[in-house]
Every structure is written in C-alpha cells, then in structure tokens.
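Asks: Structure provided below as structure tokens; questions to follow.
A short reminder: the numbers here are calculations on the coordinates, not readings from a lab. Because the structure is predicted, anything quoted here is derived from the model rather than measured. FYI the Cβ positions are ideal-geometry reconstructions off the backbone, even for glycines, and counts take in every protein chain you see.
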Amino acid sequence: MKKRADIINGSDILSVTNRKLCREKFLDRIEKIAAAHPAGIILREKDLSEEEYRNLAEQVLEICRKQETQCILHCFCDTAIELGCDAVHLPLSVLMNMDPEKRKKFRIMGASCHSGEDAVMAEKMGCTYITVGHIFDTDCKKGLPGRGLEFLKQVCQRVSVPVYAIGGITGTDMKKIRRTGASGACVMSGLMTCENPKEYLEGFKE
C-alpha cells in the first residue's frame, strides 16, 4: 500500500526548484506552480549563500502561504526557523550533523537518499518523508545511469515513511513509480519550463 505524507495537497508530486531553468521571472513561475497545488515546493537553489537564500525564501513563503501550498525550505535549518517555516529538506550529511533538539522543531522533514541504508538512517533520524534517486537517466546527472525501478522498490520496502522518487520522471512514468510502493515523485525541469504548470501536473494523475 502506498504510504501517504502530510504534505499531500491533492497531489503526489513535489516541485523542486531551479531558477536557472526558468524562462520567466522566477517568482512568477513560483506563483504559477503554487497555484497548481503540487504536494509541496522544495526551494532548492543550492548556489545561493544563506543570506541570499533567506531573502528569496521570504518571498517564496509568502506566495505559497497565499496559495495554500506547502513550501519546504532546503538545507538552511536556522533560516527556516527564523522565517517560521516548519518544513525543511536536507542532504543526509546535514541531517546527521543536526542537533536532535533542532530536528524536533520541524513538522515536515525530508532528506535526499541514494541507497537503502541512507533511507533507513533518515527514518531513524526523524524524517517524515524521503526522496530517492536518481531513478531514470536525467540531464541533471549526465553520464550517470539511473538506478531504476527495482532499486526504488527495494528502498520503499525498507522504510515506513513516504518515499518520493526523483530523477528523469515524467507523467508517463507515474504508474510504474506508484507500483513500487513510492508515495509520489519529484519534478524539477518540467515544472520550471512547461507552458502551464496546472496542465503539466494533470499529466501525472492516474
């Protein structure tokens, strides 16, 4: 049975941002994605300093709150706490070095995992969901073959928290993704570049 997460908003797709892919103003794109109501928006933007990230996150949080779409901040836990955001997504290395008391401040906490062992560790540390990848070949990981659906299935079987697949996933893949036991999938480039995010997300529904 597919596990459900408390980030569900009538969708099983998490939007992962990359402002460098946008063909319009980034905040305009965020507004459109938030209005389409994915399960959540992970504000990734790994190249920014913490101060730059905070300034951007403040604006994105305002948009997401207005649209009643969950915003999940990435990596900078202190910034999330300062901005009153109780949802964060972390690299596993950051999660492992995080003070246990600080972890308790987050209602939603995800981690990026690349093996079954990673997934088990993330769950033990209190994650409410995890992302696993990359599943299919993707331009984001050029030269590295995707780990495939069997890998995803094995990870899902090792943890009780919801698992979101990431890496080269399109709407036509979703039936296969769901059959592995995954709760949903993460999408980056498609939602950053498509003409109509609402129509694009419809293509992922059963």
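Asks: What percentage of all Cα-Cα pairs in the range 53-152 are separated by more than 16 Å? Don't skip to the answer; put the middle values down first.
Replies: On the way: 2974 of 4950 pairs.
Tail of the P(r) past 16 Å holds 60 percent of the pairs.
Asks: Starting from the amide H of Ile42, placed 1.01 Å from N in the peptide plane, find each other amide H under 5 Å away whose residue is 5 or more places distant or on another chain.
Replies: Ser15, Val16, Thr17, Ile72
Asks: Here is a follow-up. Once you measure Cβ to Cβ distances between cysteines in the chain, which Cys have no partner under 4.7 Å?
Replies: So, Cys22, Cys75, Cys77, Cys85, Cys113, Cys127, Cys140, Cys156, Cys186, Cys194.
Asks: Same structure, new question: Go through [x] 0.99; [y] 1.25; [z] 0.94 and flag the label whose value is the computed Cα Rg over 2.2 N^0.38 Å for this structure.
Replies: The calculated read-out lines up with [z].
Asks: Enumerate the aspartates and glutamates that Lys176 could reach by cross-link, defined here as Cα to Cα under 15 Å, with residues fewer than 8 away along the same chain left out.
Replies: Counting by Cα, and skipping residues close in sequence, Lys176 has these aspartates and glutamates nearby: Asp12, Glu150, Glu206.
Asks: Another one. What ranking, highest mean first, results for peptides 39-45, 165-171, 64-70 when packing means the other Cβ atoms within 10 Å averaged over each residue? Walk me through the numbers before you get to the answer.
Replies: Working: 39-45: 25.1, 165-171: 21.6, 64-70: 17.4.
Ranked by mean Cβ neighbours within 10 Å, highest first: 39-45, 165-171, 64-70.
Asks: Determine how many Å³ per residue the convex hull of the Cα atoms of the range 121-206 encloses.
Replies: Details: hull volume 8.8 nm³, N = 86.
Taking the convex hull of the Cα positions in the range 121-206, it is 102 Å³ per residue.
Asks: Just order 10-16, 176-182, 102-108 by mean Cβ neighbour count inside 10 Å, highest at the front, would you?
Replies: On the way: 10-16: 22.6, 176-182: 18.9, 102-108: 15.3.
Result, highest mean Cβ count within 10 Å first: 10-16, 176-182, 102-108.
Asks: When the Debye formula is applied to the Cα atoms of the range 1-92, each taken as the same point scatterer, what base-10 log of I(q)/I(0) results at q = 0.22, 0.26 Å⁻¹?
Replies: -1.14, -1.51
Asks: Say each of Glu202 and Arg23 gets a label point 7 Å from the Cα, pointing the same way as Cα to Cβ; how far apart are those two points in nm?
Replies: In this crude spin-label approximation the distance works out to 1.9 nm.
Asks: Over the chain, calculate the relative contact order: mean separation of alpha carbon pairs under 8 Å at least 6 apart, over the residue count, as a percent. Please report the intermediate quantities before stating the final value.
Replies: Working: 399 pairs, mean separation 48.3, N = 206.
Relative contact order of the chain: 23 percent.
Asks: Could you point to the residue in Leu92, Ile33, Ala57 farthest towards the positive end of the range 27-93's charge dipole, with +1 and -1 charges on the Cβ of Lys/Arg and Asp/Glu respectively?
Replies: Ile33
Asks: Past 28 Å, Cα to Cα: identify those pairs from Lys20/Lys66; Lys20/Lys175; Lys32/Lys205; Lys66/Lys205; Lys105/Lys205, in the order given.
Replies: Working: Lys20/Lys66 24 Å; Lys20/Lys175 30 Å; Lys32/Lys205 18 Å; Lys66/Lys205 24 Å; Lys105/Lys205 33 Å.
Violating the 28 Å Cα-Cα cut-off are Lys20/Lys175; Lys105/Lys205.
Asks: Here's another thing I want to ask about it. Taking the Cα centre of the chain as the origin, how large is its charge dipole in debye, to the nearest 20, when only Lys and Arg (+1) and Asp and Glu (-1) carry charge on their Cβ atoms?
Replies: Details: 31 positive and 29 negative charges, 144 e Å.
Dipole magnitude for the chain comes out near 700 debye.
Asks: 222 nm [θ] for the chain, helices only, -39500 (n - 2.57) per DSSP H run of 4+, per residue, to 500? Don't skip to the end; give the middle numbers.
Replies: Details: 10 runs with 80 residues, N = 206.
Result for the chain: -10500 deg cm²/dmol, rounded to the nearest 500.
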